[in-house]
Structure formats: structure tokens, C-alpha cells
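Encoded as C-alpha cells, the structure appears first; notes follow it.
The values are calculated or read from the model by the stated rules, or taken from the named source; none is laboratory data. Since we're looking at a predicted model, the values are computed, not measured. Here the Cβ positions follow ideal geometry from the backbone for every residue, glycine too, while neighbour counts run over all protein chains shown.
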Amino acid sequence: MDFELTDKQKMIKNMVREFAQKEIAPVAEEIDKEEKFPHEIIKKMAPLGLLAVMVPQEYGGAGLDTISYAIVIEEISKECASTGVIASVHNSLVSWPITEFGTKAQKEKFLPILAKGEKIGAFAATEDNAGTDLGALETTAKLDGDEYVINGSKTFITSGKDAEIHIVFAITDKSAGHKGISAFIVDKEKTEGFEVGAIFEKLGIHGSVTSELIFKDMRVPKENLLGEEGDGLKIALATLDGGRLGIAAQALGIAQAALEESIEYSKNRQQFGRPISKFQAIQWKLADMATNIDAARLLLYRACHAKDQGGRFSREAAMAKLFASEAAMEAAVEGVQIHGGYGYIKEYKIERLFRDAKITEIYEGTSEAQRMVISRDILK
Ligand SMILES: Cc1cc2nc3c(=O)[nH]c(=O)nc-3n(C[C@H](O)[C@H](O)[C@H](O)COP(=O)(O)OP(=O)(O)OC[C@H]3O[C@@H](n4cnc5c(N)ncnc54)[C@H](O)[C@@H]3O)c2cc1C
């Protein structure tokens, strides 16, 4: 067992950190304040391969392993969790299922466009009545000649407004229950009947625009069916296993940033004639944060390694996402505490980290859903 990153992974970490510090950090506050989708940053990420980290090189991707992918999302999220989730959805929830389940023609058509950032990706599964229980979705798709006609709506879709390539889940055979759900690749530009509905105002990740999508007799060519009819739920769940690694990495980036901000602040803030870092109460908070972060990183890298070995890694991914998201929330809460009143003021980065951390315990499966996956596996 080797706990060291490879030379290539270290090089990627340094490259992405440098990029994030130079290109993302200076605008992260503005992105949050103005709730601005970071188009400029996304454009700059493409030539570095950061929008197609695990996509094979023959389709324009960087062809890297999953640990490298986790490193990319952590380093980006450390500066801006909004950019982190946009990149995570684009890589894990859109490019990955096309790579894994797509036909050669679908891969040739969509992966290079996504890799170049010409079109942003979104994953449209959640509906008003289908959140944790994804199998309860109600959107329908009916084959009519060479096209599927899709009717229904989706909610809470990350990048829903700005994305062009959407992976959409809909029922093709109601009588088949969970095996009657299918997945489609929808290119918004070429599709009539696709509308963006409400844009949600959120607690955090303000730069990641979250919206409703409405499909009214939306016609999608038959060749855009992903996998076979009835494979939809299987594709969604397999995709979310990988997506959870992205969200665990996002959480890790937020937690690491909270720790670094807190160390810096506690060394500089003087009370009772000394830096507050000299007080044991503060030292123990920092020690707990650092320990949780190391444990989260190890769980994440183990899950990434398990994914690259092939086979199922649902339990490892759920453990990594559960632990990393709770570590992020705890680090953000304690980080604000260490900053005292200043932690509650928008001028300090820890305030944004506190707001951004919470979502990691909710999307791509709530913490309760992760515990369901883990307990189901250990009890089987
Ligand atoms: C900012 C944001 C971005 C998102 N991005 C996307 C996206 O890009 N694509 C997409 O498809 N979805 C997206 N989502 C949806 C997200 O994945 C869901 O919100 C999440 O899965 C929970 O579903 P829900 O909100 O319907 O909550 P519910 O499923 O209604 O859950 C409510 C509560 O009940 C608990 N609960 C539910 N079932 C059980 C059970 N069986 N046992 C114990 N507890 C249970 C939950 O853990 C939670 O605490 C996003 C959501 C947000 C807020």
C-alpha cells in the first residue's frame, strides 16, 4: 500500500492549484456576490483538460485516473465551490455516462464538444416528486417514428440554464416500474420544446445556477437514447456513484480552505496579549479539522482507486461522500467560530465556505441516502 501520490498526480495538483490561485481566487467573491455563472473560468479550464479529466484522449479528454480527477475538483473547490460543482457535474455526471454507456457515434459527437467546453453539461434526474426516490420520476418519453417525444419537468438542475448537453431521465414503459426508465442525451440547441423554468435563489454556491427544466413535446432523435430502453435507473445510479466522488472532492476542497483560513486567522488574531492559536481550545478545533480532512481524503482516494479497478464501488463512494461532506460542514462551523464575529461578516472567506459547505450533505444523495447505501451493503 502506497500513500504517496504519483509524480504525475503531484504535478497535476500543483498545476491546478496554480491555476485556481491565479484565475479563480481573485474572482470567487464576485462570483458569489453577483451570483454569476463563471463562463470565463470554464473557458480557461478547457485547454488544461479540466473539463474532460477522465475522458479518453481519442475523444479529446485528458485520459487521467480518478484520483487525478478528485485532485482537480478539490483544488478548484478550495477557491470556488460553485466552479467545483459545475466542473464535477460536467465531468462525472455528463461526460462519464456518455463514455461508459454511449455508442461510438455518441462519443464522437458529444465528448469532444464537452471537452472543449463548447457546451456545458447538466444531469437532469430530480423532479418535484422524485428526489431521494429517483425511481418515482414522472417525465415520460414516447417513441414517435425516429424521435422520442418527452413531456414533464425537472427541478434543482445544476447548470440547467447555461448547459447545452443534458442527460435526461424519463419513463419509456410505465408497466416495467424501475426498469421502464430510460436515459437520453439532449442537445438543447437542436431541440424544440425545451424550456428553462424557475431559477432558484440559494443559501450558497451562488455561481452555480440551479434551475427548473420544462419539456413540452420535446423531440429527441432516437439515436440520442443512452444505453438501451429501460437502462435509465441503472445508468443514473452508476453515474451517481462516480458523481459522489466529485462531490466528496468538492467538500474536501471547502474543508481544506476552512482549515487554512482558520490557521492563518488564529495566528494573527490577538486576544489577552497573544495570538488565539496559543489557546488550547482553538488548537483542538484545528486538530480535529485536520484529522477529519485527512480521513476524508483517504476515504476518497480509496474510493477513486476502487473505481479505477473496475466493478462496484457504491459503498466506498457513499462512505467518502458522507464523511467528506460532514467534515466540510464541521470545518466550516468551527472555522466561523475561530473567526469569532468576523466569521459572520461577508468580508471573510470563511462566511462563504460556511454557506457553500451545506449543499455537499444534500445533493447527489443526502447523508441519509449515503447511510442507506452503506447499511444496505454491510447488511446484505
Ligand atoms: C443546489 C442543488 C443542486 C442540485 N443539482 C442537481 C442536479 O444537477 N441534477 C439533479 O438531478 N438533481 C439535483 N439536485 C437535487 C438533489 O440531488 C436532491 O435535492 C436530493 O437528492 C434530495 O432530494 P429532495 O430534495 O427531493 O429531498 P427528499 O428526497 O424529499 O428528502 C427530504 C429529507 O428526507 C430524507 N429521506 C428521504 N428518503 C429517505 C429514506 N428512505 N430514509 C431516510 N431519510 C430519507 C432525506 O435524506 C432528506 O433529509 C440539486 C439540489 C440542489 C439543492
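Scan the range 136-148 for residues that are crowded, with 17+ Cβ neighbours inside 10 Å and within 13 Å of the ligand (Cβ to nearest atom) and jot them down.
Selection gives Leu137, Thr139.
Which residue out of Gly60, Gly102 is in contact with a strand residue (DSSP E or B) (Cβ under 7 Å, 6 or more places away or on another chain) and not assigned by TED's automatic domain parsing to the domain that holds Thr126?
Going through Gly60, Gly102 in turn, just one is in contact with a strand residue (DSSP E or B) (Cβ under 7 Å, 6 or more places away or on another chain) and not assigned by TED's automatic domain parsing to the domain that holds Thr126: Gly102.
Has the range 331-339 got at least one residue that is over 26 Å from Arg371 (Cβ atoms) and surrounded by fewer than 19 Cβ atoms within 10 Å (Cβ to Cβ)?
Checking the range 331-339: at least one residue is over 26 Å from Arg371 (Cβ atoms) and surrounded by fewer than 19 Cβ atoms within 10 Å (Cβ to Cβ).
Could you check, for the range 103-110, whether at least one of its residues is closer than 29 Å to Glu40 by Cα, within 16 Å of the ligand (Cβ to nearest atom) and charged (D, E, K, R)?
The answer is no; no qualifying residue exists.
Please verify whether Ile359 is buried (at least 19 other Cβ atoms within 10 Å of the Cβ), closer than 25 Å to Leu245 by Cα and more than 13 Å from the ligand (Cβ to nearest atom), treating the condition exactly as stated.
no
Under 9 Å between Cβ atoms, at least 6 apart or on separate chains: pull out the pairs that start in the range 269-292 with a residue that is within 18 Å of Gly343 (Cα to Cα) and end on any residue that is among the acidic types (Asp, Glu).
Lys285/Glu334; Leu286/Glu334; Met289/Glu330; Met289/Glu334
Taking Ile276 as the residue in question, decide whether it is surrounded by fewer than 23 Cβ atoms within 10 Å (Cβ to Cβ), farther than 30 Å from Ala105 by Cα, more than 16 Å from the ligand (Cβ to nearest atom) and among the aliphatic types (A, V, I, L, M).
For Ile276, the condition - surrounded by fewer than 23 Cβ atoms within 10 Å (Cβ to Cβ), farther than 30 Å from Ala105 by Cα, more than 16 Å from the ligand (Cβ to nearest atom) and among the aliphatic types (A, V, I, L, M) - is met.
Got a sec? Which of Gly253, Gly246 is closer than 18 Å to Cys80 by Cα, in a helix (DSSP H, G or I) and in contact with an Asp or Glu (Cβ under 6 Å, 6 or more places away or on another chain)?
Sole residue among the options that is closer than 18 Å to Cys80 by Cα, in a helix (DSSP H, G or I) and in contact with an Asp or Glu (Cβ under 6 Å, 6 or more places away or on another chain): Gly253.
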